[in-house]
1. What per residue convex hull volume, in Å³, do the alpha-carbon atoms of region B:41-136 yield?
2. Between the label point of C:Lys71 and that of the same position in each other copy, find the distances and list them shortest first in nm, with every label point placed 7 Å from Cα along the Cα-to-C-beta direction.
3. Which one, F:Glu106, F:Glu55, F:Glu125, has the greatest fluctuation when you compute a Gaussian network model over chain F with C-alpha springs under 10 angstrom?
4. For A:Lys50, which aspartates and glutamates qualify as cross-link partners when the Cα separation must be under 15 Å and same-chain residues fewer than eight apart are set aside?
5. What 222 nm value per residue comes from the helices of chain B, counting each DSSP H run with n ≥ 4 as -39,500 (n - 2.57) and dividing by all residues, nearest 500 deg cm²/dmol?
6. For region E:2-133, with the dipole built from +1 on Lys and Arg beta-carbon atoms and -1 on Asp and Glu ones, taken about the Cα centre, which of E:Val63, E:Thr126, E:Ala91 lies farthest toward the positive end?
7. For D:Val7, what accessible surface area do you get with a 1.4 Å probe? Give it in Å², rounded to 10.
8. Given a 1.4 Å probe, how much area per residue of the protein assembly as shown is accessible, in Å²?
Protein chains: 6
Amino acid sequence: MVYLTRVEHFNAAHKLYNPRWSKEENEAVFGLCANENWHGHNYDLYVTVKGEVNEDTGFLMDVKVLSGLVKTYVLDVVDHRNLNLDVPFLAGKMCSTENLAKGIWEQLEPHIPAGVRLHAIKLYETPRIYVEYFGA
Amino acid sequence: MVYLTRVEHFNAAHKLYNPRWSKEENEAVFGLCANENWHGHNYDLYVTVKGEVNEDTGFLMDVKVLSGLVKTYVLDVVDHRNLNLDVPFLAGKMCSTENLAKGIWEQLEPHIPAGVRLHAIKLYETPRIYVEYFGA
Amino acid sequence: MVYLTRVEHFNAAHKLYNPRWSKEENEAVFGLCANENWHGHNYDLYVTVKGEVNEDTGFLMDVKVLSGLVKTYVLDVVDHRNLNLDVPFLAGKMCSTENLAKGIWEQLEPHIPAGVRLHAIKLYETPRIYVEYFGA
Amino acid sequence: MVYLTRVEHFNAAHKLYNPRWSKEENEAVFGLCANENWHGHNYDLYVTVKGEVNEDTGFLMDVKVLSGLVKTYVLDVVDHRNLNLDVPFLAGKMCSTENLAKGIWEQLEPHIPAGVRLHAIKLYETPRIYVEYFGA
Amino acid sequence: MVYLTRVEHFNAAHKLYNPRWSKEENEAVFGLCANENWHGHNYDLYVTVKGEVNEDTGFLMDVKVLSGLVKTYVLDVVDHRNLNLDVPFLAGKMCSTENLAKGIWEQLEPHIPAGVRLHAIKLYETPRIYVEYFGA
Amino acid sequence: MVYLTRVEHFNAAHKLYNPRWSKEENEAVFGLCANENWHGHNYDLYVTVKGEVNEDTGFLMDVKVLSGLVKTYVLDVVDHRNLNLDVPFLAGKMCSTENLAKGIWEQLEPHIPAGVRLHAIKLYETPRIYVEYFGA
């Protein structure tokens, strides 16, 4: 078994704000991240799939196909968007890196081709903070 | 003469939107960057000063002092903010990387200590796009 | 379960020198790293914790809290220090990256909050050498 | 148990071309990568070994020894070479990153010293594509 | 005046080989880089333009337009190619990073829009070697 | 004219300590950097030369020759050393990044071959602090 990773990039606005809490509670917990006028990030997204190598191509899967799936099911939904307002798969959830990584897994996993399995989503919010998710 | 650079980091929301234009004109020129609900970036900021080395310290200037000036006059104003809504020095200007770099120069330049001169502001909007400004 | 990583930075002096060996034996095994006058590194430290996401915050744990624990129990002890002379948790041990990574785990692990577990310490000594430790 | 990783670098030419297929089939599957005149890459190679720490040295193994093994059994064979034409361990195989990573494992694994085990080969073809292999 | 830089990426095969010299002379001067079967690189290309900021857009020039020019006049010509065999603007020249940087300048410069000037081409051959060219 | 840069790496111990001042004065000015037991860094060194391209080689100068000069006149003197105790060209000077960059220029400049000129020394002390020197 081999593991193949494709790195993609998107940027988006968000805020950390729990609508069931008061403004003061949000600021106490989330600090500057609760700024009501939003802030944003350049996200680096690592998508890892695993499986056996095809003898004819030498590929686990064509990395251009994987990149196309990430574009269709993730980047077209989140890139240059507001994660709190514009992204259906985050509706009703806190827009944390943790939930974003899990949501990206759920978006992508059903579309990974037969014979290959999604292994990991790794998502950098800043160069110093990242989250990994390996499925439920 | 030597040149000393300090690298800092902030993140912010913005959009590229000219209020004197229609929504259609904005989308034609700025594409996804005109998304009315904002998007955002992790900005990397390089501040370069120049001058002579002090013999007693070996320093052009204490890099902790430079870092403190950047924090007070720039980061405290833009970090975790909305560049269009929250930043006084960008009021009435397009929130492009070009104008942000020029605005940061104007914020910092009056506070650089005597004997040292501000040389350059270099601002990365993404790892693949940056602007440099060397003063008027 | 999700995994959250915080990246921190410190720099320190050290040497690789086994006091039970002669100077010649140390130089034969450790080469330049045995220089009696020390050398040093910028260390990059990746601390990974794992657990379930809190629904109210969207967080596994607040990354600022994690960063604060790393500062208190690791950085305040090793940053701008001499690993051989100044760091209690390395006393009597060889100051290798391996032992430093294990020592950092032991410093941090008792302070990770309930419901979250320390998963990994990854420590870069140079951009081309790193050690990972996942606990005993 | 600790894990130690050494990062090395090489560059090489290759093409993705299945000699049992027509030129048209190759271009349909591999696109620009099938260019008959070759293209090439700077490869970053991460070699990870695992085992127990030696008390006298503080080392899992001497990283200079590991680096020497990688030079002898991998870099001297692939660096500044044509992967399709010059590399015996890839003869008769597709020159994909997947097969290159597996081949590097097979080159190195027999030479890892007693008491230490090869854990992973991670190979970047570009900064946005990498493959990992953990053995059969 | 501001300076705007766009970073692009391509990969290519090449060799350093002077056809007016013997094989022995080429190997003496160019070493492994003269391997007759080619080697290759991931090149990072920094294109810098300079000029005044447009008040309506906040742009020196639209970075997507700049990126499109680089794609049309450079990347489509060199990416996934053999620099010695496939690239008209290098015909009859040594395929060094120096000549490649100068050739890229000459390809791009006539197409930079009025009011903006090409300032620099910076070309990384490896992460440790780069060339800059600022025009004749 | 073209500019060619080679990136090298070394690591060293140092402290910022003015022997003409009291311990208290040193700590007030230099803080943790004055730790009497030293600290250290991984330094990244960028050496830039400039001149005309040789038609026969395509080179400004052979980058392996440049790398060899840096090794002989700089790395062999500073790598795995104590900058305060072991480095003749820093004797009697404060061991700041500024003075280290100037000293490296003075070490290298007399050995640059005829027809090529040393243009810049750029020295990173940490990923967030660097100094540039372009000669007297």
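The values are calculated or read from the model by the stated rules, or taken from the named source; none is laboratory data. Because the structure is a prediction, the values reported are computed rather than measured. When we count neighbours, we look across all protein chains shown, and the Cβ atoms used for this are built from the backbone with ideal geometry, even at glycine. Side chains included, ligands, DNA and RNA excluded: accessible areas come from the protein's heavy atoms. Shrake-Rupley method; radii C 1.70, N 1.55, O 1.52, S 1.80 Å.
1. Cα convex hull per residue, to the nearest whole number: 104 Å³.
2. Spacings between copies for this position, smallest first, are 0.9, 4.3, 4.3, 4.3, 4.4 nm.
3. F:Glu55
4. A:Asp62, A:Glu109, D:Glu98, D:Glu132
5. It lands at -6500 deg cm²/dmol.
6. E:Ala91
7. Using a 1.4 Å probe on the heavy atoms, I get roughly 10 Å².
8. Normalised by residue count, the accessible surface of the protein assembly as shown is 40 Å².
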